[in-house]
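Chemist: Okay, here's the structure, questions in a sec.
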Amino acid sequence: MEDNKFEEVFEGKLAKNEMVEPKDWMPDNYRKHLIRQISQHAHSEIVGMLPEGNWITRAPSLRAKVVLLAKVQDEGGHGLYLYTAAETLGISRDELLNNLHTGKAKYSSIFNYPTLTWADIGAVGWLVDGAAIMNQVMLQRTSYGPYARAMVRICKEESFHQRQGFEIMTHLSFGTADQKAMAQDALNRWWFPTMMMFGPPDSESPNSENAIKWRIKRETNDQLRQKFVNQTVPQVEYLGLTVPDANLKWNEAKKGYDYSEPNWVEFKNVISGNGPCNKQRLLARNKAHNEGAWVREAAQAFARKRKEIYEAA
Amino acid sequence: MSDNQGPVWEIFLQKKAGQPFVHCGSLHAFDKEMALQNARDLYTRRGEGVSIWAVPSNAIVASSPEDIGPFFEPSNDKVYRHPTFYQIPDAIGHM
């Protein structure tokens with residue numbers, strides 16, 4: 001088949017809402033876009049274990065501790081589902097990890113903020129996972145099969161994450177005055193960084209147009225952000241807390257809230273390496289990878305030896 | 001950069017005894033035992049399965065997407081393979 005014939009088949013699949021599978025022909029830029037997006041997503045899951053892992057040893061009860069452990073373990077699993085989805089596009093796991101460890105690949109800017117108090121664990125589960133779910137629910141219908149299937153599995157597991165975060169916020173918000181102040185402080189610090197998770201405004205988002213055209217994304221950054229605000233504000237009200245945005249108000253005409261844009265200069269600074277925890281996160285990832293090298297080498301040597309014995313027999 | 005993640009395995013899960021095994025994803029492992037253990041940790045954290053198959057990815061033979069027409073075509077015109085092709089007298093009822 002000629003190249004343009006292949007392209008016709010590809011476009012036809014997208015038009016019919018069919019999924020593109022690893023062995024199907026796809027344009028180079030589609031492949032590149034997916035590798036970038038899926039690997040960023042995978043890295044975010046893995047780096048996302050760090051701010052929460054920070055509180056495992058200091059969780060306020062045994063119940064809170066086992067729940068947080070299970071959640072962090074899930075995030076690790078999600079990273080692995082996504083790495084294997086990215087690998088179906090012809091990039092190796094080592095290359096993916098190397099891109100993360102050298103700072104060549106990006107991960108969600110949100111994980112460069114510190115988790116200072118226990119309330120932050122509540123805010124992360126409730127807001128950060130809430131925002132992630134909004135994006136991931138959409139991605140269950142993304143045009144690339146292995147990515148969509150990983151998302152279905154991830155979404156099933158994520159809903160407990162958001163609930164456990166909201167439960168922490170509920171305990172604090174209906175607790176003592178000090179606890180409520182702690183919950184408010186966490187909301188103050190996490191609101192705008194969470195709003196940034198949906199990416200730059202549509203007018204300034206360089207990758208959005210192709211993502212929509214190729215049905216990788218089905219909703220734009222601004223649409224998802226609006227949806228998130230609409231969903232979250234009533235939850236904030238239930239908790240008796242205040243969204244740290246003086247411009248937040250219901251707009252009857254659009255049946256949604258008007259809100260302030262996050263500080264996009266800060267966003268650019270954080271994704272280009274100058275957030276509060278960027279260095280710490282990369283150091284922690286590199287340390288874990290390097291200190292685990294002997295395990296991979298030993299496993300490899302063991303497998304090789306056993307194969308030799310098997311072949312000699 | 002050395003490749004030290006081990007080969008890729010495809011993982012199939014059986015949800016309940018008696019049901020077919022269904023592909024659920026893939027993973028890296030150096031040998032059979034590690035493939036099974038990793039599959040248990042990665043794909044059955046919530047009792048999703050009672051049995052696991054781990055198959056080296058490179059052992060799988062797959063039809064290619066371009067073949068979709070010619071490869072499957074021979075069955076397309078054989079409507080008599082379906083029960084709806086046959087008329088059963090009303091007097092007989094369900095068969």
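Chemist: From (1) touching a Leu at 6+ places or on another chain (Cβ under 7 Å); (2) assigned to a helix (DSSP H, G or I); (3) open to solvent by 20 Å² or more (accessible area, probe 1.4 Å), pick out the condition that doesn't hold for A:Glu11.
Modeler: Against the list (1) touching a Leu at 6+ places or on another chain (Cβ under 7 Å); (2) assigned to a helix (DSSP H, G or I); (3) open to solvent by 20 Å² or more (accessible area, probe 1.4 Å), A:Glu11 comes up short only on (1).
Chemist: Now for a separate question. Taking segment A:163-206, which residues are closer than 30 Å to A:Gly12 by Cα and in a helix (DSSP H, G or I)?
Modeler: Within segment A:163-206, A:Asp202, A:Ser203, A:Glu204 meet the criteria.
Chemist: Does A:Gln40 satisfy the condition of being assigned to a helix (DSSP H, G or I), touching a Lys or Arg at 6+ places or on another chain (Cβ under 9 Å), open to solvent by 50 Å² or more (accessible area, probe 1.4 Å) and within 14 Å of another protein chain (Cβ to nearest Cβ)?
Modeler: For A:Gln40, the condition - assigned to a helix (DSSP H, G or I), touching a Lys or Arg at 6+ places or on another chain (Cβ under 9 Å), open to solvent by 50 Å² or more (accessible area, probe 1.4 Å) and within 14 Å of another protein chain (Cβ to nearest Cβ) - is not met.
Chemist: So if I check each of B:Ala59, B:Ala39, B:Ala17, B:Ala54, which one is in contact (Cβ under 8 Å) with a residue 24 or more places away in the chain, out of contact with any strand residue (DSSP E or B) (no Cβ under 7 Å at 6 or more places or on another chain), more than 9 Å from every other protein chain (Cβ to nearest Cβ) and not charged (D, E, K, R)?
Modeler: Going through B:Ala59, B:Ala39, B:Ala17, B:Ala54 in turn, just one is in contact (Cβ under 8 Å) with a residue 24 or more places away in the chain, out of contact with any strand residue (DSSP E or B) (no Cβ under 7 Å at 6 or more places or on another chain), more than 9 Å from every other protein chain (Cβ to nearest Cβ) and not charged (D, E, K, R): B:Ala17.
Chemist: Taking interchain pairs and intrachain pairs at least six residues apart, which have beta carbon atoms under 9 angstrom, with the first residue in segment A:128-150 and within 13 Å of A:Gln231 (Cα to Cα) and the second surrounded by fewer than 19 Cβ atoms within 10 Å (Cβ to Cβ) and among the acidic types (Asp, Glu)?
Modeler: Qualifying pairs under 9 Å: A:Met134/A:Glu219.
Chemist: Going by what's in this entry, would A:Lys307 be described as free of Cβ contacts under 8 Å to residues at least 24 places away in the same chain, away from chain B (no Cβ under 14 Å) and either surrounded by fewer than 14 Cβ atoms within 10 Å (Cβ to Cβ) or under 29 Å from A:Lys106 (Cβ atoms) (or both)?
Modeler: No, not satisfied.
Chemist: Looking for whichever is loosely packed, with under 15 Cβ neighbours inside 10 Å and within 14 Å of chain B (Cβ to nearest Cβ) here; the options are A:Glu297, A:Glu252. Which one fits?
Modeler: A:Glu297
Chemist: Something else now. Write out, first by first residue and then by second, each pair whose Cβ atoms fall under 8 Å of each other, whose residues are 6+ apart or on separate chains, and whose first residue, in segment B:66-95, is open to solvent by 100 Å² or more (accessible area, probe 1.4 Å) while the second is of a type in the set (Val, Ile, Thr).
Modeler: From residues that are open to solvent by 100 Å² or more (accessible area, probe 1.4 Å), the pairs are B:Phe85/B:Val79; B:Met95/B:Ile88.
Chemist: Still on this structure, please answer the following. For segment A:17-30, name all the residues that are more than 14 Å from chain B (Cβ to nearest Cβ), open to solvent by 70 Å² or more (accessible area, probe 1.4 Å) and farther than 18 Å from A:Gln140 by Cα.
Modeler: A:Asp28, A:Asn29
Chemist: Taking segment B:22-47, which residues are touching a Lys or Arg at 6+ places or on another chain (Cβ under 9 Å) and surrounded by 14 or more Cβ atoms within 10 Å (Cβ to Cβ)?
Modeler: Passing the criteria: B:Cys24, B:Gly25, B:His28, B:Phe30, B:Asp31, B:Tyr43.
Chemist: Of everything in segment A:282-302, what is more than 26 Å from A:Ser108 (Cβ to Cβ) and of a type outside the set (Val, Ile, Thr)? Give them in sequence order.
Modeler: A:Ala293, A:Trp294, A:Arg296, A:Glu297, A:Ala298, A:Ala299, A:Gln300, A:Ala301, A:Phe302
Chemist: Listed residues B:Glu66, B:Glu33; which is part of a helix (DSSP H, G or I) and either more than 14 Å from chain A (Cβ to nearest Cβ) or closer than 23 Å to A:Gln300 by Cα (or both)?
Modeler: Answer to the check: B:Glu33.
Chemist: Within segment A:82-118, which residues are among the hydroxyl-bearing types (Ser, Thr, Tyr) and either assigned to a helix (DSSP H, G or I) or under 29 Å from A:Asn188 (Cα atoms) (or both)?
Modeler: Selection gives A:Tyr83, A:Thr84, A:Tyr107, A:Ser108, A:Ser109, A:Tyr113, A:Thr115, A:Thr117.
Chemist: I would also like to ask the following. Return the residues of segment A:74-98 that are facing chain B (nearest Cβ under 7 Å) and aromatic (Phe, Trp, Tyr); say none if nothing qualifies.
Modeler: Across segment A:74-98, the qualifying residue is only A:Tyr81.
Chemist: Within segment B:2-54, track down each residue that is among the acidic types (Asp, Glu) and over 23 Å from A:Glu75 (Cβ atoms).
Modeler: If the condition is that a residue be among the acidic types (Asp, Glu) and over 23 Å from A:Glu75 (Cβ atoms), then B:Asp3, B:Glu10, B:Asp31, B:Glu33 are the ones that fit.
Chemist: Between A:Glu209, A:Glu266, A:Glu237, A:Glu219, which is in a helix (DSSP H, G or I) and modelled with pLDDT under 95?
Modeler: When all the criteria are applied, what remains is A:Glu209.
The values are calculated or read from the model by the stated rules, or taken from the named source; none is laboratory data. This is a predicted model, so every value here is computed, not measured. No Cβ is skipped: glycine too gets one built from the backbone with ideal geometry, and neighbour counts run over all protein chains shown. With ligands, DNA and RNA removed, areas are computed over all heavy atoms of the protein, side chains included. Shrake-Rupley method; radii C 1.70, N 1.55, O 1.52, S 1.80 Å.
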